[in-house]
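For reference, the structure is listed below as structure tokens.
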Amino acid sequence: MLRLPAFTYREPTTLAQALRMKAEAGPHGMYVAGGTDLYPNMKRRHQEPTTVISLARIKALHRKPRVDPSTRQRVLSPMMTLTDVAANRTLRKQYPAVATGAEVISTPILRNMGTLGGNLCLDTRCTYLNQSYEWRKAIDFCMKKDGAICWVAPSSPRCWAVQSSDLAPVMAALDAEYVLAGPDGERVVPAGQFYRNDGIDYLSKQADELLTEVRLPALNGWDATYHKLRRRGAFDFPVLGVAAWIRWDGATVAAARIVLGGVASWPQLVPESAAALVGTTLDDPTVEAAAQAAFKPSKPMDNTDFHLSWRKEMTRVWVRRALVELRTRHGRHA
Ligand SMILES: Cc1cc2nc3c(=O)[nH]c(=O)nc-3n(C[C@H](O)[C@H](O)[C@H](O)COP(=O)(O)OP(=O)(O)OC[C@H]3O[C@@H](n4cnc5c(N)ncnc54)[C@H](O)[C@@H]3O)c2cc1C
Ligand code: SF4
């Protein structure tokens, strides 16, 4: 059985306390929300904080979903559990991509503990990393933790670990905003700029910054969906995720965003696929053109489940399915 190492556990009740505790702990301190990712990573010794700062008792991170009257954005708190995100009636009706993205994560038990904030700050994953310490030691470790080489691309100077959060591509497609609180105050970052295409340095967030709010854009004629590829119907991380966002002008696509998850170290925007949609009615040839445009830049690496060429091929299929769903839904509402 894998055991947790010894660590100091701290329980702040305010944001200011949490930031102070993180400053005291320095680089060896980490925040924990539901702990469904951090604790398994600590058991495998690829994340090794000696101080863990729990966000569970900070009231400001547990506020009920609300609408900001000035921007009409829907504001979600990061400590919302994935179960609550998936079950929230307003999200299911008005932001179904968000509710679906949460609903397809792992299992009901994990969703009861796992939080929105933890999901959006999720570590990148790799077959050569998410293993016990002894397993990793047997291959002399790798660049992301304790070693020097990347086993996926041995001549590469960078780590290609995979962005594996289901909700991150959804937030990037929606152009949601994240509010971050740090020692220098608050800042707002568009979801698309929160992630980096680097398996080690995968967030633009500073280590001491806290995600305090997720702001979903006001509804104004747009719709979005999320489709996930995985081996089993539950439990498994995405090996491909497609988030598709479309703003309609009558029967015509006025704007679009397609974001791929699970094929790079960040949620990968594919502007060439979105460009194929604008000004069209999303007819079959358009859908095929957009699916083909997403297939080309989709470059999964050999570091997760399934054969990489099949995952690449499935990009085309999953983009097509997502767009057909949006077209059907729009037809029903038109
Ligand atoms: C068996 C299994 C299956 C899984 N399947 C999936 C899946 O299918 N899809 C998927 O997306 N995920 C999956 N996960 C990963 C994970 O459980 C979820 O992503 C979950 O939402 C993480 O939330 P948490 O609150 O438990 O995060 P934690 O483990 O508490 O934290 C994760 C990271 O986020 C940071 N963090 C958390 N909250 C904040 C905040 N407010 N501000 C700043 N940093 C913060 C922590 O410091 C840590 O680095 C799976 C995990 C397991 C063990
Ligand atoms: S992509 Fe390479 S460096 Fe990154 S975790 Fe995998 S093997 Fe390690």
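Solvent exposure of region 1-117 amounts to 51 Å² per residue of accessible area, where only protein heavy atoms count and the probe is 1.4 Å. What region 220-334 shows is 44 Å² of accessible area per residue, with the surface traced by a 1.4 Å probe over protein heavy atoms.
Gain on full extension, evaluated as 0.36 nm per residue between Ala56 and Asn197 minus their Cα-Cα distance, stands at 47.8 nm.
The calculated FRET efficiency for Leu2 paired with Leu219, based on their beta-carbon distance and R0 = 30 Å, is about 0.10. You can think of it this way: the chain between Ala255 and Ala138 has 37.1 nm of extra reach, that is 0.36 nm per residue less the Cα-Cα gap.
Between Gln131 and Glu24, the FRET efficiency estimated from the beta carbon spacing at R0 = 35 angstrom works out to 0.65. Rolling a 1.4 angstrom probe over the chain with all protein chains present gives an accessible area of which 54% lies on carbon and sulfur atoms. Electrostatic tally near Arg89: other residues with Cβ closer than 13 Å to its Cβ, Lys and Arg +1, Asp and Glu -1, net +3. Summing Cβ point charges (Lys, Arg +1; Asp, Glu -1) relative to the Cα centre of the chain gives a dipole of roughly 680 debye. Of all DSSP bridge pairs formed entirely within the chain, close to 85 percent run antiparallel. In the chain, the calculated helix contribution to ellipticity at 222 nm averages -9000 deg cm²/dmol per residue, counting -39,500 (n - 2.57) for every DSSP H run with n ≥ 4. From the alpha carbon centroid of region 156-224 to that of region 58-75 is 17 Å. Here the average projected area of the convex hull drawn through the C-alpha atoms of region 97-146 stands at 4.6 nm². When you filter the chymotrypsin sites (Phe, Trp or Tyr not before Pro) in region 210-304 for DSSP loop state and at most 15 other Cβ atoms inside 10 Å of their Cβ, you are left with Phe235.
When both bridge partners sit in region 1-145, DSSP labels roughly 35% of those beta bridges antiparallel. Just name one of Leu203, Ala218, Gln292: the one whose Cα is farthest towards the positive end of the charge dipole of region 191-334 (beta-carbon charges, Lys/Arg +1, Asp/Glu -1). Checked the options; the winner is Gln292. Between Gln206 and Ala16, the modelled labels are 1.8 nm apart [label points 7 Å from Cα along Cα→Cβ]. Rounded to the nearest angstrom and listed largest first, the equivalent-ellipsoid semi-axes of the chain from its Cα gyration tensor are 33, 26, 16.
Residue ranking by accessible heavy-atom surface, 1.4 Å probe, largest first, among Phe194, Phe306 comes out as Phe306, Phe194.
The mean sequence distance of close C-alpha pairs (under 8 Å, at least 6 residues apart), as a share of the length of region 1-48, puts its relative contact order at 43 percent. Normalised by the number of residues in region 189-334, the average gap of Cα pairs under 8 Å and 6 or more apart makes the relative contact order 20 percent.
For Glu272 and Thr71, the difference between the fully extended length at 0.36 nm per residue and the C-alpha to C-alpha distance is 69.4 nm.
Database remark: amide H of Leu240 closer than 5 angstrom to the amide H of Leu229 (H placed geometrically; neighbours at sequence offset of 5 or more, or on other chains; Pro and chain starts carry no H).
With contacts taken as Cα pairs under 8 Å and at least 6 residues apart, the chain reaches a relative contact order of 14 percent. Within region 223-309, the trypsin sites (Lys or Arg not before Pro) that combine a DSSP coil assignment with at most 14 other C-beta atoms in a 10 angstrom radius are Arg231, Arg232.
The values are calculated or read from the model by the stated rules, or taken from the named source; none is laboratory data. Quick caveat, the model's predicted, so the values are computed rather than measured. Cβ sites come from the backbone with ideal geometry, for glycine too, and all protein chains shown count toward neighbours. In case anyone asks, the SASA skips ligands and DNA or RNA and just uses the protein heavy atoms, side chains included. Shrake-Rupley method; radii C 1.70, N 1.55, O 1.52, S 1.80 Å.
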